[in-house]
Amino acid sequence: MIRIKGLYKDWKEFSLKNIDLEIKEGEYFVILGPTGAGKTLALEMIAGFHSPDKGEIWIGGQNLTDAPPEDRNIGFIYQDYSLFPHLDVKENVEFGLKLKNVSKDKIEEKTRDIMELLGISHLSHRQPSTLSGGEQQKVAIARAMVVNPRVLLLDEPLSALDSKTQDRLRDELKQLSEKQGLTMIHVTHDRVEAMALGDRIGVLMDGKLRQVGTPQQIFHRPLNEEIASFVGIDNIYEGESRIENGIARINLGELEIEAITGKEGKVKLCVRPEEITILRKGSRSSARNLFEGRVVRVSERYPLMKLTIDAGKEFQAVITKKSFLELNLKEGSRVYVSFKASSVHVL
């Protein structure tokens, strides 16, 4: 559906640099990156709000690099919803159809259908100022979708909502994408959001597309240390790798970690905190990596507990509150850190 080739745009303080990307029809694609990475600017380039200095944007097999936004058949939803305050909900949803001079009967039919699909029919005559954040976002989605866009662009659409509403709308956006077969590009800095929604994810940092892949590839097999750190891998170490009997033994100085890799010599490795199991003395583990240590820090990240364990190297681990209580853990507790060789990713 979308092909971006060698896209480059230079602003005074920032530039998007040689972005190449293909997005399939019906795909839910997430652009993930920190604040200031250029995510919104990339989205606005696809929408046609800015012209590139170099490169091409193809949509539906057409080169639309220089086409104005109104000729691209794209829906755009900003994080602040941008609803018209002087129009009620129904009038907001109808707005794009009226601009296109659609017949009155067709406007009524399409508006009714999209509002029923999104469960906002009962809000029809309410003013935007009287709606909750989640309701406003649904109205914005309805207004964008009612004109049957080929592509729907969403710029941080959930960032202003409370966590419960975010959870609900994430589920609804995913279901909407699957039901409608709509190509969606969703920009966010939220890792949970990206993992939950994306069929594939593109990591954008400093104006460059650093990695594109499935959520599993991005979060468990990052290409470099910078991406690993951004996607929440706290355990990153340098070591010397040697292969013995098909298993890599990586010497970190204070301890040796086993991994499944063909890389030898100086390497960096990482282990996600949730891949680490915490055991008390006397427990058994079949994992190749097992190290005794001491809990040096505990912090609650509801519904999880984050532990820092000194086992020669500091390991960050997350466990459920239930497991934390069952293991009777506290700062100073002696524990074992355990993880599989297959859980170790060598950069």
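The values are calculated or read from the model by the stated rules, or taken from the named source; none is laboratory data. Remember, predicted model here, so these are calculated numbers, not experimental data. Because the Cβ atoms are built from the backbone with ideal geometry, glycine has one as well, and the counts that use them run over all protein chains shown. Quick note on the areas: whole protein, heavy atoms, side chains included, nothing else; ligands and nucleic acids left out. Shrake-Rupley method; radii C 1.70, N 1.55, O 1.52, S 1.80 Å.
What pairs in 9/266; 268/340; 98/138; 281/322; 12/39 have C-alpha atoms more than 26 Å from each other? Going by Cα-Cα distance, 9/266 fall outside the 26 Å limit.
Using heavy atoms of the protein chains and a probe of 1.4 Å, the accessible area assigned to residue 53 is about 80 Å².
The residues of the chain expose, per residue, 49 Å² of accessible area to a 1.4 Å probe.
Indicate, rounded to the nearest 5 percent, the antiparallel portion of the DSSP beta bridges found entirely in the chain. All intermediate terms of the calculation are to be shown ahead of the outcome.
Numbers: 59 of 77 bridges.
Here the antiparallel bridges make up roughly 75 percent for the chain.
Annotation note: GluC sites (Glu not before Pro) in the range 1-55 located in DSSP loop regions with a Cβ neighbour count of at most 10 within 10 Å are 13.
Where does the chain land at 222 nm, in deg cm²/dmol rounded to the nearest 500, when only DSSP H runs of n ≥ 4 count, each adding -39500 (n - 2.57), divided by all residues? Display every interim value, and only then the final one.
Working: 9 runs with 90 residues, N = 347.
Computed ellipticity for the chain at 222 nm equals -7500 deg cm²/dmol.
Within the same chain, aspartates and glutamates fewer than 8 places from residue 106 are excluded, and of the rest, those with a Cα less than 18 Å from its Cα are 91, 94, 116. Considering only protein heavy atoms and a 1.4 Å probe, what is the carbon-and-sulfur percentage of the accessible area of the range 233-346? Here carbon and sulfur together make up 44 percent of the probe-accessible area. About the centre of its Cα atoms, the range 2-229 shows a dipole size close to 220 debye [charges on the beta carbon of Lys, Arg (+1) and Asp, Glu (-1) only; nearest 20 debye].
Would you mind computing Rg(Cα) / (2.2 N^0.38 Å) for the range 233-346, counting N as its residues? Walk me through the numbers before you get to the answer.
Details: Rg = 14.1 Å, N = 114, 2.2 N^0.38 = 13.3 Å.
Relative to the 2.2 N^0.38 Å estimate, the range 233-346 comes out at 1.06.
Computed over the alpha carbons of the chain, Rg followed by Dmax gives 24.3, 75 Å.
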